[in-house]
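Below: the structure, in C-alpha coordinates.
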Amino acid sequence: QVQLVESGGGLVQAGGSLRLSCAASGRTFSTYVMGWFRQAPGKEREFVAAIRWSTGRTYYADSVKGRFTISRDNAKNTVYLQMNSLKPEDTAVYYCAAGRWSGTWPAEEPYEYDYWGHGTQVTVSS
(Lines give C-alpha, C1' and ligand atoms only; values in the text may rest on other atoms or scores of the structure.)
Protein backbone atom coordinates (compact mmCIF):
# COMPACT_ATOMS: atom_id res chain seq x y z
CA GLN A 1 0.00 0.00 0.00
CA VAL A 2 2.86 2.33 0.83
CA GLN A 3 6.11 2.38 -1.09
CA LEU A 4 9.23 3.95 0.34
CA VAL A 5 12.37 4.85 -1.58
CA GLU A 6 15.49 6.06 0.19
CA SER A 7 18.19 8.14 -1.43
CA GLY A 8 21.13 10.30 -0.47
CA GLY A 9 23.54 7.74 0.89
CA GLY A 10 27.19 7.67 -0.03
CA LEU A 11 30.75 7.89 1.18
CA VAL A 12 31.75 10.74 3.45
CA GLN A 13 34.68 11.50 5.71
CA ALA A 14 34.30 11.65 9.45
CA GLY A 15 32.90 15.00 10.50
CA GLY A 16 31.03 15.44 7.26
CA SER A 17 27.33 15.55 6.52
CA LEU A 18 24.76 13.74 4.44
CA ARG A 19 21.04 14.18 3.98
CA LEU A 20 18.93 11.11 3.38
CA SER A 21 15.54 11.32 1.75
CA CYS A 22 12.62 8.93 1.94
CA ALA A 23 9.94 9.45 -0.68
CA ALA A 24 6.60 7.86 0.13
CA SER A 25 4.01 6.92 -2.46
CA GLY A 26 0.70 5.14 -2.36
CA ARG A 27 -1.92 5.62 0.28
CA THR A 28 -0.69 7.13 3.50
CA PHE A 29 -2.52 8.12 6.64
CA SER A 30 -2.31 11.04 8.98
CA THR A 31 -1.84 8.63 11.87
CA TYR A 32 1.35 7.20 10.39
CA VAL A 33 4.71 7.42 12.03
CA MET A 34 7.85 7.58 9.92
CA GLY A 35 11.15 6.27 11.13
CA TRP A 36 14.75 5.71 10.23
CA PHE A 37 16.64 2.58 11.19
CA ARG A 38 20.12 1.41 10.37
CA GLN A 39 21.92 -1.89 10.23
CA ALA A 40 25.64 -2.51 10.09
CA PRO A 41 27.15 -5.84 9.02
CA GLY A 42 26.84 -8.40 11.79
CA LYS A 43 24.69 -6.13 13.94
CA GLU A 44 21.00 -5.92 14.69
CA ARG A 45 18.74 -3.35 13.19
CA GLU A 46 19.01 -0.17 15.23
CA PHE A 47 16.52 2.63 15.72
CA VAL A 48 17.74 6.05 14.68
CA ALA A 49 14.87 8.54 14.65
CA ALA A 50 11.10 8.80 14.29
CA ILE A 51 8.57 11.47 13.47
CA ARG A 52 4.80 11.56 13.79
CA TRP A 53 3.46 12.71 10.45
CA SER A 54 0.49 14.63 11.78
CA THR A 55 2.23 16.62 14.48
CA GLY A 56 5.90 16.54 13.57
CA ARG A 57 6.88 15.25 16.99
CA THR A 58 10.34 13.71 16.84
CA TYR A 59 12.38 11.26 18.83
CA TYR A 60 16.03 10.28 18.53
CA ALA A 61 18.30 7.52 19.65
CA ASP A 62 20.87 8.73 22.14
CA SER A 63 23.66 7.80 19.76
CA VAL A 64 22.55 10.38 17.20
CA LYS A 65 20.86 13.01 19.34
CA GLY A 66 22.27 16.44 18.63
CA ARG A 67 23.83 15.31 15.36
CA PHE A 68 20.90 14.01 13.30
CA THR A 69 17.63 15.74 12.51
CA ILE A 70 14.51 14.08 11.15
CA SER A 71 12.00 16.24 9.32
CA ARG A 72 9.17 15.99 6.84
CA ASP A 73 7.83 17.83 3.83
CA ASN A 74 4.07 17.43 3.78
CA ALA A 75 3.66 18.55 0.19
CA LYS A 76 6.25 16.09 -1.09
CA ASN A 77 5.35 13.18 1.20
CA THR A 78 9.03 12.98 1.98
CA VAL A 79 10.94 12.42 5.19
CA TYR A 80 14.52 13.55 5.60
CA LEU A 81 17.36 12.61 7.86
CA GLN A 82 20.00 15.30 8.08
CA MET A 83 23.17 13.73 9.42
CA ASN A 84 25.92 16.01 10.69
CA SER A 85 29.21 15.34 12.44
CA LEU A 86 29.24 11.84 11.05
CA LYS A 87 31.36 9.20 12.73
CA PRO A 88 32.72 5.91 11.40
CA GLU A 89 30.31 4.08 13.72
CA ASP A 90 27.45 5.64 11.77
CA THR A 91 28.38 3.41 8.83
CA ALA A 92 25.38 1.24 8.00
CA VAL A 93 22.56 0.65 5.59
CA TYR A 94 19.86 3.14 6.49
CA TYR A 95 16.23 2.15 6.11
CA CYS A 96 13.15 4.29 6.01
CA ALA A 97 10.02 2.84 7.57
CA ALA A 98 6.36 3.75 7.91
CA GLY A 99 3.66 2.42 10.18
CA ARG A 100 0.27 3.14 11.59
CA TRP A 101 0.86 4.78 14.93
CA SER A 102 -0.29 2.53 17.75
CA GLY A 103 -0.78 5.39 20.16
CA THR A 104 2.41 4.74 22.09
CA TRP A 105 5.42 6.98 21.90
CA PRO A 106 8.20 6.82 21.06
CA ALA A 107 7.86 4.40 18.16
CA GLU A 108 11.33 2.88 18.23
CA GLU A 109 10.62 -0.80 17.68
CA PRO A 110 10.65 -2.43 14.24
CA TYR A 111 7.33 -4.17 14.88
CA GLU A 112 5.66 -0.78 15.02
CA TYR A 113 6.36 -0.29 11.31
CA ASP A 114 4.57 -1.97 8.42
CA TYR A 115 6.43 -0.70 5.37
CA TRP A 116 10.12 -0.53 4.65
CA GLY A 117 12.36 0.85 1.97
CA HIS A 118 15.23 -1.13 0.53
CA GLY A 119 17.90 0.93 2.21
CA THR A 120 20.70 3.26 1.26
CA GLN A 121 24.33 2.73 2.19
CA VAL A 122 26.10 5.30 4.32
CA THR A 123 29.84 4.86 4.74
CA VAL A 124 31.87 7.16 6.96
CA SER A 125 35.62 6.93 6.61
CA SER A 126 38.07 7.87 9.35
Exercise. Pick from segment 43-67 the residues that are without any contact (Cβ under 8 Å) to a residue 24 or more places away in the chain and in contact with a strand residue (DSSP E or B) (Cβ under 6 Å, 6 or more places away or on another chain): which of them is nearest to Leu86 (Cα to Cα)?
Worked result: Tyr60
Problem set entry | Condition met for Glu89 (among the acidic types (Asp, Glu) and more than 27 Å from Gln1 (Cα to Cα)) | yes
For this session: Please find, within segment 102-126, the residue that is farthest from Gly42 (Cα to Cα) out of those that are in a helix (DSSP H, G or I) and not aromatic (Phe, Trp, Tyr).
Result: Glu112
For this session: Kindly indicate whether Val12 is over 16 Å from Asp114 (Cα atoms), open to solvent by less than 70 Å² (accessible area, probe 1.4 Å) and assigned to a strand (DSSP E or B).
Result: yes
Exercise. For segment 25-101, which fully contained strands (runs of 3 or more DSSP E) count at least 1 residues that are touching a helix residue (DSSP H, G or I) at 6+ places or on another chain (Cβ under 9 Å) and open to solvent by 60 Å² or more (accessible area, probe 1.4 Å)?
Worked result: 92-100
For this session: Give me the pairs, please: first residue somewhere in segment 73-102 and over 18 Å from Arg57 (Cα atoms) and touching a residue at least 12 places away in the same chain (Cβ under 8 Å), second residue anywhere and among the β-branched types (Val, Ile, Thr) and open to solvent by 30 Å² or more (accessible area, probe 1.4 Å), beta-carbon distance under 8 Å, and either six or more positions apart or on two chains.
Result: Asn84/Thr69; Thr91/Thr123
Problem set entry | Selection status of Ser17, modelled with pLDDT under 95 and either exposed (fewer than 14 other Cβ atoms within 10 Å of the Cβ) or more than 18 Å from Pro110 (Cα to Cα) (or both) | no
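The values are calculated or read from the model by the stated rules, or taken from the named source; none is laboratory data. If you're wondering where the values come from, they're calculated on a predicted model, not measured in any experiment. We place every Cβ from the backbone using ideal geometry, glycine too, and count neighbours over all the protein chains shown. Remember, those area values only see protein heavy atoms, side chains included, never the ligands or the DNA or RNA. Shrake-Rupley method; radii C 1.70, N 1.55, O 1.52, S 1.80 Å.
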